[in-house]
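Written out below as C-alpha cells is the structure these notes cover.
Values in this text are rule-based calculations from the coordinates and carry no lab data. Only a predicted model underlies this, so the values are computations on that prediction, with no experimental measurement involved. All Cβ positions, even for glycine, are placed from backbone atoms using ideal geometry, and neighbour counts span all protein chains on display.
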Amino acid sequence: MRKMFFIVLLAVILIACAPEKETKAKRIADELKQQEQIEVQEIIEGEQPPIAEPIQEIEGEQPQLTQELENSETLETEQTPEMPAEPTDISEDERTAVYQFFDKFIKNVDSYQFTYNKHKYFVRDKKYKIHLTKPITIRNANINGKTYTMFHYDVVYLDRISQKAIAYCESIHEELGRQCGKLEIYDIPYLVSYKDYNIILPEDWFYIYLNEDTDKISKGKYTLRGRSVAQAIFDQESPTVEMSFDERTGLALRVDKKRTINEEEILVERFDYEDFAYNSVRDKDIIHRNKDEIPTSEVFYKR
C-alpha cells in the first residue's frame, strides 16, 4: 500500500513540473528569438560590419600607390584637399591664374582615365577604379566569417565619400582567370586600406594650388606626349612646383617638384599621369558588377 502511495505521489509531482519546464523552455526560446531580431535590426540600421578582417599574410609587396611627400602633415592635406569655392562665387579680382584651368575642367570633363606608376585609373565624380599592374595574393583571408587559403585581387574600387577601398578578383590578368574561377572568388569583396590606394588625382592639384599666385604661365609653347600643355611655376616655397596643365581639359598631366642645390636644379619628385583620356568612363565602370551583369562584348572583363 505504501509502495502504491509513493508511485502515485511521484506521478503527481512529474505532472505538476512538466508545464513549468515547458513554459520555461518556451520563454527562453522566445527571448533568444527576440534578441536575434534586435541584433539583425541593429545591423540593418547601423553601420555595416567590416567586409574583411585584417590581412594576415601577403605574398609579394603591396603596390606603393600613396605618394611619399615631405611630411605626414603635407601628405594628409594633399590627399584630402578641401573643395574650393565655385568660380561664380569668386570675384574676378580674387581669381588666381589657376582658375582658368579649373574652369576648363568643370566645363569640359565629366570623367577621365590615366596610368600612374603603371596602374590604370578610371575616375568619375568621387569614385575611381584601379586596374593593378599585377595581382595581389592574400593568404588565409577571413572574409565574412569564411577563411580563404588563397585570395587574389587585381581591381580596387575607391570611394572618397565613404573613404573605403574594396578589392575584387575580376581577372583583368589572364592568369588569374583560372585561379579565381577555381576558388570561386570572382565576386567576393575584400576591404583594403583606403590610404594605400588614395592617390593625388590630377584634379586634386586644383584644390591645393587654386588660391596660389603665379605669374609664370607659358601657353602654346609645350607639348607632353602629343598634347598641348600650359606650364605654370609656383616658386614661393621650396621645393619649386612646375605643373603642366592640359590645354583642353585643364587637368594637370605632370607635376614636378624641384630644388636648387649649389646652383643646380634637382628634380625631387614627379607625378606623371600617362595615357590620359577623358569623358569615356561610365557610371557602371566605377562599381563592381558580377559576371552575369557584364556582357561578353566588354573586352576589358576577361574570364
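Per 0.36 nm of contour for each residue apart, how much would the distance between SER162 and ASN142 grow if the chain were fully extended, relative to their Cα-Cα spacing?
5.0 nm
Quote to one decimal, in nm, the extra length available between ASP292 and ARG270 on full extension: 0.36 nm per residue of separation minus the C-alpha distance between them.
3.8 nm
Using only the alpha-carbon atoms, what does the stretch 204-278 span along each of its principal axes? Please give whole angstrom values in decreasing order.
Here the spans come out as 39, 25, 22 Å, largest first.
Rounded to the nearest 0.05, what FRET efficiency is calculated for ASN211 and LEU191 with R0 set to 35 Å and r the Cβ-Cβ distance?
0.45
So how do LEU201, LEU191, LEU267 line up by other beta-carbon neighbours within 10 Å, fewest first?
LEU267, LEU191, LEU201
A 24 angstrom limit on the alpha carbon distance is what I want to check against. Which of LYS127/LYS257; LYS219/LYS257; LYS120/LYS216; LYS126/LYS257; LYS127/LYS258; LYS118/LYS216 exceed it?
Listed pairs above 24 Å: LYS127/LYS257; LYS120/LYS216; LYS126/LYS257; LYS127/LYS258; LYS118/LYS216.
Want the number for THR223 to ASP103: 0.36 nm per residue separation, take away the alpha-carbon distance, what's left?
Working it through step by step, the gained length comes to 41.1 nm.
Along the charge dipole of the stretch 106-215, which of ILE172, VAL109, TYR197 sits closest to the positive end, that is, farthest toward it, with unit charges on the beta carbon of Lys, Arg, Asp and Glu (+1, +1, -1, -1)?
With unit charges placed on the Cβ atoms, the residue in question is ILE172.
Shape of the stretch 117-182 from its Cα gyration tensor (a ≥ b ≥ c, root eigenvalues): rounded if a/c is under 1.5, otherwise prolate when a/b > b/c, or oblate?
Oblate, since a/c reaches 1.5 and b/c is not below a/b.
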